[in-house]
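Since the structure comes first, as structure tokens, the remarks are kept for the end.
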Amino acid sequence: MQLAGGEPVLRPQRVLVVENSRSYGGMLAEAIEGGLHLPVALARTLAEAEAALAAHPDLFLVLSGLVLPDAGPDAIVERLAASGLPLVLVSGTYDEGLRERMLGRGVVDYVIKSTPGHLDYLRWIVQRLDRNRRIAALVVDDSPSARLMVAELLSSYGFRVLLAGSGEQALAAIEQDPGIRLVITDHEMPGMSGVELTARLRGALSRDRLAIIGVSGASKGDLVARFLKNGANDFLHKPFSREEFFCRVSQNVDNLDLIGTLQDLATKDFLTGLPNRRHFFEMAGKRLEALRNEGRGLAVATLDIDHFKKINDTFGHDGGDIALKAVARALAEHARPGDLYARFGGEEFVLLAPGLDAETAWSYFEGLRARIEGVAIDLPDGQRIGATTSIGVCVSPAAGEELHALLGESDRMLYMAKAGGRNRVEMAAAEA
């Protein structure tokens, strides 16, 4: 097993646009900067492009036209491809011979300006190549030359690439590197076949965690169905074109992103990014049962922002939203690994903290209260405000109580904290 291209390095963020038309170059730069918030360096000649490559070590992608005042298509591609950066060509005319020649030289894509929606497509390519740099891909094939060919394709699309020569090596790689989100496996391998490897991988990792693409040059009629029925997301017949490979890989990685987005919508609060009420209840029941089996105690806290209505009335809902996000961030930063927290709704939050007795719970939640009190909240108009919280805590020595009882007692303690003057912690111990 080996890593293609060396260890991952700090990911740069800038895109180089090489285009002789000032208006089109500006339009493309605006689409990237405005839509993706990635900085763009503009060049109108090949000489300016080479100067930009030297001046901007943070470049990760080049988008270039094929008509420049100081170079023709072949010279443009030769010199820009020598930078080692992914290269996407944008042409005003469709020339099949030129397109085939350019794609044969390692160009990621060849896009025609006159195609409807081509700017959206270019923006998607930039976004995809930017995201690829955060993903590891594993190539599994017993043929060194086939492994290298696929690895070079994936590397040109920005992936961090690992190689395995057998199914056994692939399983070990997946176990060692949780960053692997994509596996491309050949079928015909000694020992474990690609279909068998797919079944093993899918048994351990769901479709929201890993995309699997099967590959084979065999003409067996049932092979595609066998791959798909055993958990593969897609299949590629050998030989495949560079464009087909890019499209299939991109679509499958996009599906991973889409599934992740849908999961976030279901489990995260849209404003603060914290887990939501539904997710808290789904996870808290399992956590409580595990703590009970281990004989460990826990503390459950309910907290909300003091005088939140006044913040909304004085600074508007935008000010209130900023305050909510600031308190949520302080809560997330204070929480320990293993703690479970969520925004329950409005200005109310909850926190389940395992392994705390009465003494350590008091210190822990007093620290949270002080952290929130010390947060400076910057509003868009330049004003800086603060916020405080009242916290009600219920400590359960052996996690023996039901969750609704713990939350009810912590809510009662929250009411006591507010009645006692706010910006304070009130705590009760559940019955043993």
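Checking the stated criteria, Glu289 turns out to be open to solvent by 10 Å² or more (accessible area, probe 1.4 Å), in a helix (DSSP H, G or I) and not hydrophobic (A, V, I, L, M, F, W, C).
Evaluate the stretch 144-155: report whether one residue or more is closer than 24 Å to Phe235 by Cβ, part of a strand (DSSP E or B) and under 27 Å from the mean Cα position of the chain (by Cα).
Initial filter on the stretch 144-155 (closer than 24 Å to Phe235 by Cβ): 144-155.
Cutting the leftovers down to part of a strand (DSSP E or B) gives us none.
No; the residues of the stretch 144-155 include none that is closer than 24 Å to Phe235 by Cβ, part of a strand (DSSP E or B) and under 27 Å from the mean Cα position of the chain (by Cα).
Just the residues that are hydroxyl-bearing (Ser, Thr, Tyr) and outside any helix (DSSP H, G or I), please, taken from the stretch 210-266. Talk me through it step by step, then tell me what you get.
The first filter runs over the stretch 210-266 and keeps only residues hydroxyl-bearing (Ser, Thr, Tyr), leaving 216, 219, 241, 250, 261.
Passing the criteria: Ser216, Ser219, Ser241.
Assess whether Lys268 counts as being free of Cβ contacts under 8 Å to residues at least 12 places away in the same chain and within 30 Å of Gly158 (Cα to Cα).
Answer is yes for this residue.
If only residues of the stretch 370-420 that are touching a helix residue (DSSP H, G or I) at 6+ places or on another chain (Cβ under 9 Å) and charged (D, E, K, R) are counted, the one that is surrounded by the fewest Cβ atoms within 10 Å (Cβ to Cβ) is Asp381. Looking across the stretch 301-330, just one residue is closer than 13 Å to Gly273 by Cα, open to solvent by 20 Å² or more (accessible area, probe 1.4 Å) and touching an Asp or Glu at 6+ places or on another chain (Cβ under 9 Å), and that is Ile322. Just one of (1) buried (at least 20 other Cβ atoms within 10 Å of the Cβ); (2) not in a loop (DSSP other than H, G, I, E, B) fails for Thr272. It is (2). The criterion of being farther than 25 Å from His404 by Cα, in contact (Cβ under 8 Å) with a residue 40 or more places away in the chain and of a type outside the set (Asp, Glu) does not hold for Phe349.
For Leu291, state whether it is closer than 25 Å to Cys394 by Cα, touching a Pro at 6+ places or on another chain (Cβ under 7 Å) and hydrophobic (A, V, I, L, M, F, W, C). It would help to see each step written out before you state the result.
Working: closer than 25 Å to Cys394 by Cα: yes; touching a Pro at 6+ places or on another chain (Cβ under 7 Å): yes; hydrophobic (A, V, I, L, M, F, W, C): yes.
Yes, satisfied.
I need the full set of residues from the stretch 165-200 which are crowded, with 17+ Cβ neighbours inside 10 Å and closer than 23 Å to Glu244 by Cα, in order please. Hits for the stretch 165-200 are Ile180, Arg181, Leu182, Val183, Ile184, Thr185, Asp186, His187, Gly194, Val195, Thr198. Within the stretch 169-180, residues that are assigned to a helix (DSSP H, G or I) sit with their Cβ atoms under 8 Å from residues that are buried (at least 19 other Cβ atoms within 10 Å of the Cβ) and of a type in the set (Val, Ile, Thr), at 6+ positions apart or across chains, in these pairs: Gln169/Val140; Ala170/Val140; Ala170/Val183; Ala170/Thr185; Ala173/Ile180; Ile174/Ile180; Ile174/Val183. Glu333 meets each of the listed conditions (1) open to solvent by 10 Å² or more (accessible area, probe 1.4 Å); (2) in a helix (DSSP H, G or I); (3) over 22 Å from Thr389 (Cβ atoms) apart from (3). Each residue in the stretch 366-413 was checked for being at negative phi and part of a loop (DSSP other than H, G, I, E, B), and 15 pass. When the stretch 201-224 is filtered for residues that are surrounded by 16 or more Cβ atoms within 10 Å (Cβ to Cβ), free of Cβ contacts under 8 Å to residues at least 60 places away in the same chain and closer than 18 Å to Ser143 by Cβ, the ones remaining, listed by number, are Ile213, Gly214, Ser216, Leu223.
The values are calculated or read from the model by the stated rules, or taken from the named source; none is laboratory data. All values derive from a computational prediction rather than experimental measurement. So basically every Cβ, Gly included, is an ideal-geometry build from the backbone, and we count neighbours across all protein chains shown. Ligands, DNA and RNA are excluded from the accessible area calculation, which covers all protein heavy atoms including side chains. Shrake-Rupley method; radii C 1.70, N 1.55, O 1.52, S 1.80 Å.
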